[in-house]
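J.: Here it is, the structure, as structure tokens.
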Amino acid sequence: MDYGIGIVGTGMIAEMHARAIAESKGVTLVSVLSRSAERAASFAARHACSGFSAAREFFADPRLDIVSICTPPGEHLQPALQAIAAGKHTLIEKPLEVTLEGCDAIIEAAERKGVWISGIFQSRFHEGAQLLKRAIDGGRFGRLVLGDACVKWYRTQEYYDQGGWKSLKRHGGGVLMNQAIHAIDLLQWFMGPVESVQAVAGTLGHDRLEVEATSVASLLFADGSCGAIEASTAVYPGFLKRIEISGTRGTAVLEEEDLKVWQFEPSRPEDEQIRLAYAQRTRTGGGAADPAAIGLHGHRAQFEDFAASLRENRPPRVNAIEARKSVALILAIYRSVETGKCVQLEA
């Protein structure tokens with residue numbers, strides 16, 4: 001039996017969720033919720049589901065098992081708490097919420113109600129990222145030394161001038177919370193907890209923003225290794241996000257879905273096969289210049305994992321506590337930028 005999913009929101013990412021759900025096993029799109037009855041009806045007609053403009057009716061739908069929240073980041077909290085109160089398992093697009101207080105409110109409410117929460121971080125489900133994570137956990141890198149995330153993307157001034165949440169910090173705008181968060185999530189997933197951060201940021205290349213368009217952060221990880229985050233939406237023409245992991249016995253470079261470097265000592269017979277098989281996996285622009293130019297397969301894998309977690313009564317692979325970590329790191333970067341000081345992250 002498939003689990004019924006209802007989407008909250010009708011924007012670009014909601015369209016992607018609907019298309020990915022249609023391709024996923026174990027889930028079926030049953031409904032959509034929008035404040036606009038017209039937008040709800042239009043979305044429902046495109047995706048053969050029911051449209052609602054009243055939250056009470058949407059959450060009371062007996063077909064609804066899972067809620068997928070695709071509202072702007074600063075508007076995640078209310079629908080998440082409504083979904084939890086209704087006893088619905090909930091998927092939340094990145095970021096989980098834009099404040100740690102909001103993240104914790106979601107986590108605590110879900111624990112009380114006994115429902116699962118998953119933050120959407122589809123890059124974790126790409127095969128290259130999975131291979132890299134297994135190599136780290138298997139000790140192939142020796143002692144980890146450096147971990148870097150580089151997001152040099154391009155957004156026009158018009159992208160921000162359209163108004164809305166993308167240029168507003170309190171709503172989750174800015175290159176770190178909106179664009180680079182996937183790379184930041186991967187970096188801390190690979191390297192482990194961050195102990196402290198020192199950062200700078202500015203609106204370089206863009207005007208009339210209250211959010212950062214470019215930021216550089218220096219990281220100290222809990223195991224003593226070091227790292228850096230470079231992020232910008234002002235780099236023409238925009239390049240695929242890049243994660244570099246280096247240790248005393250190996251280095252790997254993940255560029256979107258491609259493994260550009262895969263070198264270890266000692267080497268193994270399968271290493272050459274991995275280098276050949278994962279050299280050209282990326283089939284889209286990765287969102288580097290066009291926000292819509294991303295594949296659906298990562299989302300599809302995450303939807304299927306969430307459905308499997310419900311069937312097997314286990315936590316999803318990206319649970320709410322995991323999804324909170326990138327928000328905590330980004331907020332620490334913001335504090336460092338504001339104070340000019342090195343900021344310690346809570347354990």
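FYI, it's all coordinate maths here, none of it is from the lab. Quick caveat, the model's predicted, so the values are computed rather than measured. FYI the Cβ positions are ideal-geometry reconstructions off the backbone, even for glycines, and counts take in every protein chain you see.
J.: Give the Debye-formula value of log10 I(q)/I(0) at each listed q (0.24, 0.25 Å⁻¹), with one equal scatterer per alpha carbon of the range 190-268, two decimals each.
T.: -1.16, -1.19
J.: Which entries of Lys25/Lys94; Lys25/Lys260; Lys25/Lys88; Lys133/Lys169 show an alpha-carbon separation above 26 angstrom in the structure shown? Could the numbers behind the result be given before it?
T.: Details: Lys25/Lys94 22 Å; Lys25/Lys260 31 Å; Lys25/Lys88 19 Å; Lys133/Lys169 32 Å.
Too far apart for the 26 Å limit: Lys25/Lys260; Lys133/Lys169.
J.: Going through the DSSP H helices of the chain, which span 18 Å or more along their own axis at the Cα atoms while scoring at least 0.0 as a mean Kyte-Doolittle hydropathy? Don't skip to the end; give the middle numbers.
T.: Working: long enough: 100-113 (20 Å, -0.15); 297-312 (22 Å, -0.99); 320-339 (29 Å, 0.66).
Those that clear 18 Å and a mean of 0.0 are 320-339.
J.: OK, next. Each residue of the range 62-76 in order: what ³J(HN,Hα) in whole Hz does its phi give by Karplus 6.51 cos²θ - 1.76 cosθ + 1.60, θ = phi - 60°, with x for Gly and Pro?
T.: Once rounded to whole Hz, the list reads x, 7, 8, 10, 10, 10, 10, 8, 10, 7, x, x, x, 10, 7.
J.: If you place +1 on the Cβ of every Lys and Arg, -1 on the Cβ of every Asp and Glu, and leave all else neutral, what size is the dipole of the range 218-344 about its Cα centre, to the nearest 20 Debye?
T.: Working: 16 positive and 17 negative charges, 67 e Å.
Magnitude of the dipole: close to 320 debye.
J.: Which whole-angstrom value gives the distance between the alpha carbon centres of the range 288-345 and the range 222-254?
T.: That distance is 17 Å.
J.: Do the sum for the chain: with -39,500 (n - 2.57) for every DSSP H run of n ≥ 4, divided by all residues, what is the mean residue ellipticity at 222 nm, to the nearest 500 deg cm²/dmol?
T.: Numbers: 11 runs with 124 residues, N = 347.
Calculated at 222 nm, the ellipticity per residue is -11000 deg cm²/dmol.
J.: Just to be sure I follow: if Rg is taken over the C-alpha atoms of the range 298-347 and Rh is the Kirkwood radius over the same atoms, what is Rg/Rh? Don't skip to the end; give the middle numbers.
T.: Details: Rg = 16.0 Å, Rh = 13.0 Å.
Here Rg/Rh amounts to 1.23.
J.: Shifting gears a bit: Would you mind getting the Kirkwood hydrodynamic radius of the range 199-347 from its Cα pairs, rounded to one decimal in Å?
T.: Working: mean 1/r = 0.0540 Å⁻¹.
Radius from the Kirkwood sum: 18.5 Å.
J.: What's the Kirkwood radius of the range 109-171 in Å, using all Cα pairs?
T.: That comes to 16.5 Å for the range 109-171.
J.: Could you tell me which residue out of Ala45, Leu91, Ala60 lies farthest along the dipole of the range 33-100 toward its positive end? Charges go on the beta carbon: Lys and Arg +1, Asp and Glu -1, centred on the Cα centre.
T.: Most positive-ward Cα: Ala45.
J.: Roughly what % antiparallel, to the nearest 5, for the DSSP beta bridges in the chain?
T.: On the way: 36 of 64 bridges.
Bridges in the chain are about 55 percent antiparallel.
J.: Could you work out Rg/(2.2 N^0.38 Å) for the chain, with Rg from alpha carbons only? Don't skip to the answer; put the middle values down first.
T.: Details: Rg = 19.9 Å, N = 347, 2.2 N^0.38 = 20.3 Å.
Working it through for the chain, the quotient is 0.98.
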